[in-house]
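Enquirer: Just passing along the structure, written as structure tokens.
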Amino acid sequence: MTLSAEYLATVLNSTLREVTPLLLVTLCACVCSKVSVFNIALEGTLLTSAFFAFLTQYFTRNIYLSVLVSVLVAMLITFIMAFFIVHLNGQSMIVGMAINTFSLGFTTFMLSMVFNTKGTVNAMTPNGLLTGLTKLSIPGLRDIPIVRTVFNNLTVIDYLAFALAIVTYIVMYKTVIGFRLRAIGINKSAASSLGIRVKRYQIISTTISGGMIGLAGCLLTLGSVTLFTQNISAARGYVALAANNLCKGHPLGALLSSFLFGFTKALASVLQNTAAKQQLLECIPYVSTIAAMAIYNVIARRKSKALS
Amino acid sequence: MTRENRNWKKTLLAIADGFSQPLVAVIISLFLAAIVITICGENVFTAYGAMLRGAFGNSFYLNDTLKRSTPIIMGGLAVRIAWRSGYEAMGGEGQMILGAFCAALVAYYLPVPGVVRIVLAMLAASVVGAAYSILSGWLYERFQVTFIISTLMLNYIANYFASYMTNYVVKDPDGLDINAVQTGKIAVEARLQSIFSGSVHWGFAFALICVALMTFLFKKTSFGYKSRMGGLNPKFALYGGVNPRKMLYLVMIISGVSAGLGGAFEALGSKYRYIDQMIFTTGYAWSGMVAALLANFNPIGTAVASILLAGLSTGGSAMQRSTIIPLEVCNMIEGIITLLMSVRLIRITQRGYKTKRKAKGGARA
């Protein structure tokens, strides 16, 4: 293994492919935290929508329909979550854990009912070969040697993810609706005294942002690889929570923080070819999540001390 | 009405209030699961019959259920302590994994007589569980890393670490199956023996003792009062002179010991070794959390709910054997129960609450 520019480009490429699903989920977490709905159902939502993306593709062979179904499922689950937390005053922790438990059970159940396995279903199903999302190759980029490697195998949704980060930023910070939503997050009763229908805003905004998790689910099962395994989300939802904690709910900050976590995840999979043991490499993203949060909090505290 | 009479009525209402919500939640979730089972083309009564028989049908299955409930009870107690004290930690799984792993190693490798080995194994599991729990407490206290994130991440780290160790460092030296990723089998004298003739081992009895201890600790000691106060109103606790730092670490230690012991019981009494992923895939810690929720954090209720949830999974495996329904249906049921437990579905004593409030308001005015 030599450290060449080409190799670094490969690492960057797999980082990008790890970042985009995480970024989409983090954006949803950002919106949820801005309207003070604590969403830890991200994990279960991601898993279920990923499964439905795969299932729809398996039955219909229509990629547009798969994306649509996946987005709708994610929105439905997020709506249920928001309804229980906002409208019925449920404890957000418990609602989230319930949805996560249910999702893991449900996807494994469906996996064994439809595909007769509890492990992995790859693109070569009994129903024929499945195709994933079309990989884009942009005319200008595909001719430059190293840049080509960096942007290799990226799908429309990968590019869309970065666009959505900017869109979310504009909606949350530059529009009236965004101001209202952030007002809810800062002070509910003040917002409601201004005539904002707090609960309605909370439920609708979280539900719409839930759609982004659906896109992330598509990327997991139909993105760079076409397969579904049990628990394919592998704690990405929780990592997204941590990423959201780092960027304090700012959509552009989410770009940075999800890049950080995506990089550690990519690092773990890139290093697999070396002598290091796989089980220890798998720990890297989780250890670095804790470390990043600890370091960030220490720096933030120092800063606030220096200011005061 | 005499005063005693009124108290009786109050207690009865409170009990009915405590039972009604879980009962409704369980019924609704079983009903929803029944719809799923019907869609899958299986007779609901056949499936649930198989489940019930497989959980409590005869002494063999009942033994199995009680054995399975042991780590769930311990996990439930761990959750109960932490949550009631205001720390929403979910690190039971990681602590349980490390507890089971260490107990299995100590009981396998230590060259001392059987009973001493059991005691040392349980001690090791407690220490490791407590240490891992303290780690998340320390991250919270020192670096403000929220419990949810730190504990969830630590769970994965513990699982991968134990997996690495069993794969490469302490893999069963005399195992016949080279593919089985597990530690060596614990000698007969260092296992937790069965209480009766069935598979229920002394770990279950220990778990019940822990439930009693916990009830005593939280009802009758000042520590229990302080921890509950910290959970209900941290500011008031601080005002009342409770050292929040000391409280945090004490609560974390008790919670970690409880979860670690749960893992040890599973390793010493049920599997007789640490098998890779054995706690992670069974989800004992999560079931424990659901049990604690179902019982509204009452220790005795947690034990009862744990046994029921254990019955759900042993029954689920029985159902999987005799019908086409996979046992994951039980996870779905568990999830729906949890979801329904998160909100107030019905409130029998509502009128009582209201009049009380009015009386209070009147007094203030």
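Laboratory data are not the source of any read-out in this text; all were calculated from the coordinates shown. Since the structure is predicted, the reported quantities are computational estimates derived from the model, not experimental observations. All Cβ positions, even for glycine, are placed from backbone atoms using ideal geometry, and neighbour counts span all protein chains on display.
Enquirer: Taking only Cα atoms and a 10 Å spring cutoff, compute GNM fluctuations for chain A and point out the largest among A:251, A:126, A:21.
Expert: Most flexible of the set in this elastic network: A:126.
Enquirer: Hey, got the Cα dimensions of the stretch A:19-61 along the principal axes, in Å, largest first?
Expert: The Cα atoms of the stretch A:19-61 stretch 38, 19, 13 Å along their principal axes.
Enquirer: A further question on this structure: Could you give me D for the stretch B:79-165, from Stokes-Einstein at 25 °C and 0.890 mPa s, where the hydrodynamic radius is the Kirkwood radius over C-alpha pairs? Units µm² s⁻¹, please.
Expert: So the translational diffusion coefficient is about 180 µm²/s.
Enquirer: Okay, next question. When N counts the residues of the stretch A:208-308, how does its alpha-carbon radius of gyration compare numerically with 2.2 N^0.38 Å, as a ratio?
Expert: Here the answer is 1.25, to two decimals.
Enquirer: If eta is 1.567 mPa s and T is 4 °C, what Stokes-Einstein diffusion coefficient results for the stretch B:53-323, Kirkwood Rh from Cα pairs, in µm²/s?
Expert: For the chosen part, D equals 69 µm²/s.
Enquirer: Using a Gaussian network for chain A with springs between C-alpha atoms less than 10 Å apart, which of these wobbles most: A:115, A:51, A:261?
Expert: Looking only at A:115, A:51, A:261, the biggest GNM fluctuation is shown by A:115.
Enquirer: How far is helix B:92-109 tilted, in degrees, relative to the longest principal axis of the Cα atoms in chain B, given as a value from 0 to 90 rounded to the nearest 10?
Expert: Taking the Cα atoms of chain B, the angle to B:92-109 is about 30 degrees.
Enquirer: Might you report the magnitude of the Cβ-based charge dipole of the protein assembly as shown about its Cα centre, with Lys and Arg at +1 and Asp and Glu at -1, to the nearest 20 debye?
Expert: The calculation lands at about 3320 debye.
Enquirer: Which whole-number percentage describes the relative contact order of the stretch B:53-323, with Cα contacts under 8 Å and a sequence gap of 6 or more?
Expert: 41 percent
Enquirer: Taking 51 Å as R0, compute the FRET efficiency from the Cβ-Cβ separation of residue A:148 and residue A:120 and round it to 0.05.
Expert: About 0.95, to the nearest 0.05.
Enquirer: Something else about it: What number, in percent, do you get for the relative contact order of the stretch B:74-134 if the mean sequence gap of Cα pairs under 8 Å and at least 6 apart is divided by its residue count?
Expert: Rounded, it is 35 percent for the stretch B:74-134.
Enquirer: Related question: Filter B:67/B:235; A:174/B:235; A:118/B:271; A:265/B:67 down to the pairs with a C-alpha to C-alpha distance above 32 Å, please.
Expert: From B:67/B:235; A:174/B:235; A:118/B:271; A:265/B:67, over 32 Å: B:67/B:235; A:174/B:235; A:265/B:67.
Enquirer: Go from 0 up to the bin containing the longest alpha carbon distance in the protein assembly as shown, width 20 Å each, and give me the % of pairs per bin.
Expert: 17, 51, 29, 3, 0
Enquirer: Between rounded, prolate and oblate, where does chain A land on the alpha carbon gyration tensor, with a ≥ b ≥ c its root eigenvalues, rounded for a/c under 1.5, else prolate if a/b exceeds b/c?
Expert: Cα axes put chain A in the oblate bin.
Enquirer: If you don't mind, another one. Based only on Cα atoms, what Rg/Rh ratio does the stretch A:98-205 have, Rh being taken as Kirkwood's radius?
Expert: So for the stretch A:98-205, dividing Rg by the Kirkwood Rh gives 1.17.
Enquirer: Now for a different question. What angle, in degrees between 0 and 90 and rounded to the nearest 10, separates the Cα long axis of helix B:114-143 from the longest principal axis of the Cα atoms of chain B?
Expert: With both axes taken from Cα atoms, the answer is about 50 degrees.
Enquirer: Using just the C-alpha positions of the stretch B:232-352 as equal point scatterers, what log10 of I(q)/I(0) does the Debye formula give at each q in 0.14, 0.18 1/Å?
Expert: -0.83, -1.14
Enquirer: Relative contact order of chain A: what whole-number percent is it, with Cα pairs under 8 angstrom and at least 6 residues apart?
Expert: 35 percent
Enquirer: Among A:62, A:244, A:153, which one moves the most in a GNM of chain A with springs linking Cα atoms closer than 10 Å?
Expert: A:62
Enquirer: Among the helices of chain A (complete DSSP H runs), which have Cα atoms covering no less than 20 Å along the helix axis and a Kyte-Doolittle mean of at least 0.0?
Expert: A:5-34, A:42-60, A:63-82, A:92-114, A:156-174, A:198-222, A:251-270, A:278-307
Enquirer: Helix B:329-341 versus the longest principal axis of chain B: what angle, 0 to 90°, nearest 10, using Cα atoms?
Expert: Helix B:329-341 sits at roughly 20 degrees to that axis.
Enquirer: I need the Debye-formula profile for the stretch A:124-183: one equal scatterer per C-alpha, no solvent, reported as log10 I(q)/I(0) at q = 0.25 1/Å, two decimals.
Expert: Results for the stretch A:124-183 at q = 0.25 Å⁻¹ read -0.97.
Enquirer: The stretch B:266-329: Rg/Rh from Cα coordinates, Kirkwood Rh?
Expert: Ratio of gyration radius to Kirkwood radius: 1.03.
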